[in-house]
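The values are calculated or read from the model by the stated rules, or taken from the named source; none is laboratory data. None of these values were measured; they are calculated from a predicted model. Here Cβ is always computed from backbone atoms with ideal geometry, including for glycine, and neighbour counts include all displayed protein chains. The protein model used for the area step is the full one, side chains on, heavy atoms only, and it has no ligands, DNA or RNA in it. Shrake-Rupley method; radii C 1.70, N 1.55, O 1.52, S 1.80 Å.
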Amino acid sequence: MLLVNNVKLELGRDEKDLKKILEKRLRHPVKSYQIKKRSLDARKQPFYVYSLLVEIDNEEKYLGKDISLYEKEDLDPPYKVRNATCIVAGYGPSGIFAAYRLCQAGFKVKVFEKGKRIKEREKDVETFFKKGILSEESNVQFGEGGAGTFSDAKLTTRIKDKYIDYILDIFIKHGANAAIRYENHAHIGTDEVRVIIEKITDHLIEKGVEFHFAEAMEEILFDEDRKIYGIKTNKGEYTCDHLLIGIGHSAYQSVMMLKEKGVFIEKKDIAIGFRVEHLQSLIDQRQTKGLVESANEYFLRYKGEKGVYSFCMCPGGIVIPAMSDKNTIVTNGMSYAARDSMIANSAILIQIYKEEFADGYEYLQNIERMAYDHSKSYRALSQNIADFMKGDLNPLIFDSTYPLGTVLYDFNQFFKKDDLMIVKEALKDFDRKIPGFIDQGIMVGPETRSSCPVRIKRDETYQSINTKELYPMGEGAGYGGGIMSCALDGIRIANALILRYEQI
Ligand SMILES: Cc1cc2nc3c(=O)[nH]c(=O)nc-3n(C[C@H](O)[C@H](O)[C@H](O)COP(=O)(O)OP(=O)(O)OC[C@H]3O[C@@H](n4cnc5c(N)ncnc54)[C@H](O)[C@@H]3O)c2cc1C
């Protein structure tokens, strides 16, 4: 098979024309082709750029610029019945994909997830979004599928890794649109990802994985050599040979427990800020001159004394309350597969270095509590961006999509003096890149959970550096930030274990 890169197609042209374009370029009929990657080049006159997998006779004859041989690698692990039990604590992307791969390789896998299954979790989240009654155990952060479930389910990552295809194949096998394999900024949407994750769980149950929902790991158990032999939960004690923890960035209590147990944990940099909202039509017009009608994204970065950047941009989405603790406010973004809210939102964040705080969790929680104290409810803080720039406070130019409503707040009080100046410079820069960004936008916040403030340090075998058979993974351990990077980290851990047993 050939991999043919850099095949261009004008917007509005039928994708079926790719065959004609290919045959013209190769000057030979092709037997079949499949899209490997598609991206939009919107720098001038926008067009799509494709990488295609092509079947053609005498492949070698066509090798050259942008054309190479391609062979699909079988990435499934070797299966053997392995006499070892792995406990996976936390069932977000890292836990899901570690459990999946370990089960495929023949390990005995037990999953412990603090939150509930999706159907019940949906009810709790809806009660919160509609009535402002928060469950601290079952919410946007906690439950089957982890933090990525009530999300945009964008599958973007800057990481290049062959296991990305393995992950996408699992999503597709359980119902995702096959286009996620080749879309440059693939997106599933919260409605569809929920169904897919339920199917993955059902598949794992069928394959013998033991699931314990609404059962949180409360303590790790280890012997005098600091070698893990099990966990204690709110319901009982369980033994294992290996403990994988993928507890996410909101599991403050579990991190405190690990610290008390002497597990080596270090501080890491974080970021704080707010969400901005604009009419999606403003972004579409700027990004593709209106030629691609909906769901255009932006990625903005300002390099001042500190970095300020857009993060987790949700075209056609809504801003949601994403807290897991009572009397706090945290915003984030979510969208449905159709991305049809007509509003674009994105976090705008400034870096906070680890030297700037003693305890990152406390630092973030103080912000989240301050927001609640100002709001006196779960309504988020809000301001017109133009007012923020001038230090003014006027009614919002349009209503935020945040379901619980907002209260006005002057974000000039939110940042330290130096950071405030940098954020304002960044917004001016973003306004040059997307004219109207300031005057036509509102801000809603605070946004505090974009990255975890700690890293549970691991060695080259992926185990904790001072606790044997403890495998920290994903965002809460400081090794990922996003669905794909955390899923990849789960696979990395599973592979490390598989390799150990292959060598025995
Ligand atoms: C609203 C929202 C939207 C997002 N949108 C996107 C997006 O579009 N694209 C993207 O790439 N990323 C997105 N993210 C980020 C992404 O969801 C996370 O980076 C990812 O889910 C982290 O995966 P994880 O496996 O490390 O942990 P998590 O997904 O956080 O999962 C951790 C799980 O562990 C459980 N847990 C915690 N403590 C315990 C315990 N003691 N015992 C048992 N279980 C426990 C929790 O209940 C949770 O289910 C979004 C996040 C949020 C909150």
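Could you tell me whether the range 194-206 includes any residue that is open to solvent by less than 20 Å² (accessible area, probe 1.4 Å), more than 10 Å from the ligand (Cβ to nearest atom) and in contact with a strand residue (DSSP E or B) (Cβ under 8 Å, 6 or more places away or on another chain)?
yes
Among the numbered criteria (1) under 30 Å from A496 (Cα atoms); (2) assigned to a loop (DSSP other than H, G, I, E, B); (3) open to solvent by 50 Å² or more (accessible area, probe 1.4 Å), which single criterion is violated by D57?
(1)
Which residue pairs have Cβ atoms under 6 Å apart, sit 6 or more places apart or on different chains, and have a first residue in the range 143-170 that is part of a helix (DSSP H, G or I) and a second that is open to solvent by 30 Å² or more (accessible area, probe 1.4 Å) and among the basic types (K, R)?
L168/R181
Show the residue pairs meeting these rules: Cβ distance below 6 Å; 6+ apart or different chains; first residue within the range 478-492 and near the ligand (Cβ under 6 Å from one of its atoms); second residue in a helix (DSSP H, G or I).
G480/C486; G480/D489; G481/E475; I483/P93; I483/G148; C486/P93; C486/S94; C486/E475
Scan the range 5-27 for residues that are under 16 Å from K37 (Cα atoms), basic (K, R) and assigned to a helix (DSSP H, G or I) and report the count.
So the answer is 1.
Which residues, counting only those in the range 171-202, are of a type outside the set (S, T, Y) and outside any helix (DSSP H, G or I)?
Hits for the range 171-202 are H174, G175, A176, N177, E183, N184, H185, A186, H187, I188, G189.
Inside the range 12-51, can you point out the residues that are small (G, A, S), open to solvent by less than 70 Å² (accessible area, probe 1.4 Å) and over 24 Å from M1 (Cβ atoms)?
A42
For residues that are part of a helix (DSSP H, G or I) and either touching a Phe, Trp or Tyr at 6+ places or on another chain (Cβ under 8 Å) or in contact (Cβ under 8 Å) with a residue 60 or more places away in the chain (or both), tally how many sit in the range 232-253.
Going through the range 232-253 one residue at a time, the tally reaches 1.
Tell me which residues, restricted to the range 255-287, are surrounded by fewer than 20 Cβ atoms within 10 Å (Cβ to Cβ) and in a loop (DSSP other than H, G, I, E, B).
K261, G262, F264, K268, D269
Could you tell me whether A186 is among the aliphatic types (A, V, I, L, M) and open to solvent by less than 10 Å² (accessible area, probe 1.4 Å)?
Taking the combined requirement at face value, the residue satisfies it.
Which of the strands (runs of 3 or more DSSP E) contained wholly in the range 368-478 include at least 3 residues that are open to solvent by 10 Å² or more (accessible area, probe 1.4 Å)?
Because the criterion is at least 3 residues that are open to solvent by 10 Å² or more (accessible area, probe 1.4 Å), the strands (runs of 3 or more DSSP E) in the range 368-478 that meet it are 406-408.
Being more than 18 Å from A89 (Cβ to Cβ) and either open to solvent by 20 Å² or more (accessible area, probe 1.4 Å) or polar (S, T, N, Q) (or both) is the filter; apply it to the range 146-160 and report the residue that is farthest from the ligand (Cβ to nearest atom).
Going through the qualifying residues, I end up with K160.
Which condition breaks for K306 when tested against (1) open to solvent by less than 10 Å² (accessible area, probe 1.4 Å); (2) in contact with a helix residue (DSSP H, G or I) (Cβ under 7 Å, 6 or more places away or on another chain); (3) not acidic (D, E)?
Checking K306 against (1) open to solvent by less than 10 Å² (accessible area, probe 1.4 Å); (2) in contact with a helix residue (DSSP H, G or I) (Cβ under 7 Å, 6 or more places away or on another chain); (3) not acidic (D, E), the one that fails is (1).
Search the range 329-359 for residues being part of a loop (DSSP other than H, G, I, E, B) and not hydrophobic (A, V, I, L, M, F, W, C), and hand back the single one that is farthest from G132 (Cα to Cα).
So the residue we want is Y353.
Mind listing whichever residues of the range 119-145 are touching a helix residue (DSSP H, G or I) at 6+ places or on another chain (Cβ under 6 Å), more than 11 Å from the ligand (Cβ to nearest atom) and open to solvent by less than 70 Å² (accessible area, probe 1.4 Å)?
Residues satisfying the conditions are L134, S135.
Condition check ((1) within 16 Å of the ligand (Cβ to nearest atom); (2) open to solvent by less than 10 Å² (accessible area, probe 1.4 Å); (3) touching a residue at least 12 places away in the same chain (Cβ under 8 Å)) across all residues:
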site	(1), (2), (3)
G316	yes, yes, yes
A337	yes, no, yes
D340	no, no, yes
I348	yes, yes, yes
N366	no, no, no
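Answer yes or no as to whether Q34 is in a loop (DSSP other than H, G, I, E, B) and not assigned by TED's automatic domain parsing to the domain that holds C103.
Against the criterion (in a loop (DSSP other than H, G, I, E, B) and not assigned by TED's automatic domain parsing to the domain that holds C103), Q34 does not qualify.
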